[in-house]
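**Q** Please find one structure pasted underneath; my questions will follow.
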Amino acid sequence: MAQRLLDEGIRVQQVVTSPAIRARSTADAYASAFDLPVIENTALYVAWDSPSGILTAASSLNDDLDVVLLVGHAPGMGSAVTRLTDSLVELPTCAVAECSVEVDSWGELVNGSARLARLFLPGR
């Protein structure tokens, strides 16, 4: 999936993950493809079923970053994308939702502040 993102011109600047083993393994694969370190954020682990917790984790990102990959858990990640984009989104394992946000600071992320630009599904 990381190669698909690269092929589509997506240039991730930071990879942030839950510290859970499976999430960390996935994040490591993306980080390797983008030649980046992985940053663990415990909030992504404890927010596995909490979209507001995931948005809180995203709101703490450095404002110098434009493209960030968050690696977390179902059902929270899909619910967070749904809240952020006001579009019903179901994310199967290994799916990537590209969300476009028009905010000056990650701290301004709120429900409905993004649009779903693309959805990358495994095997498609």
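What follows draws every value from the coordinates through simple rules; no lab data is involved. Fair warning: this is a prediction, and the values are worked out from it, not measured in the lab. All Cβ positions, glycine included, derive from the backbone under ideal geometry; neighbour counts span all protein chains shown.
**Q** Given the chain, what percent of its DSSP beta bridges are antiparallel, to the nearest 5?
**A** 45
**Q** Quickly estimate the mean residue ellipticity at 222 nm for the chain, helices only: each DSSP H run with n ≥ 4 gives -39500 (n - 2.57), and the total goes over all residues, rounded to 500.
**A** It comes out at -10000 deg cm²/dmol, rounded to the nearest 500.
**Q** Once the cut-off is 22 Å, how many percent of the Cα-Cα pairs in the chain end up in the long-distance tail?
**A** 26
**Q** Now for a separate question. Explain nothing, just the number: relative contact order of the chain, from Cα pairs under 8 Å at least 6 residues apart, as a whole percent.
**A** Relative contact order, the chain: 23 percent.
**Q** Please identify the trypsin sites (Lys or Arg not before Pro) of the range 1-100 that satisfy two criteria: DSSP loop assignment and at most 12 other Cβ atoms within 10 Å. Which are they?
**A** Answer in residue order: 11.
**Q** Taking H as built 1.01 Å from N, whose amide H comes closer than 5 Å to the amide H of residue 99, not counting residues under 5 places away?
**A** The answer is 117.
**Q** Students often get this wrong: which residues of the range 105-124 have the backbone nitrogen under 12 Å from the point 7 angstrom along Cα-to-C-beta of residue 33?
**A** Only 120-124 fall inside the zone, counting backbone N under 12 Å.
**Q** Could you compute the FRET efficiency for residue 7 and residue 65, with r as their C-beta to C-beta distance and R0 at 25 Å, rounded to 0.05?
**A** Computed FRET efficiency for residue 7 and residue 65 comes out at 0.70.
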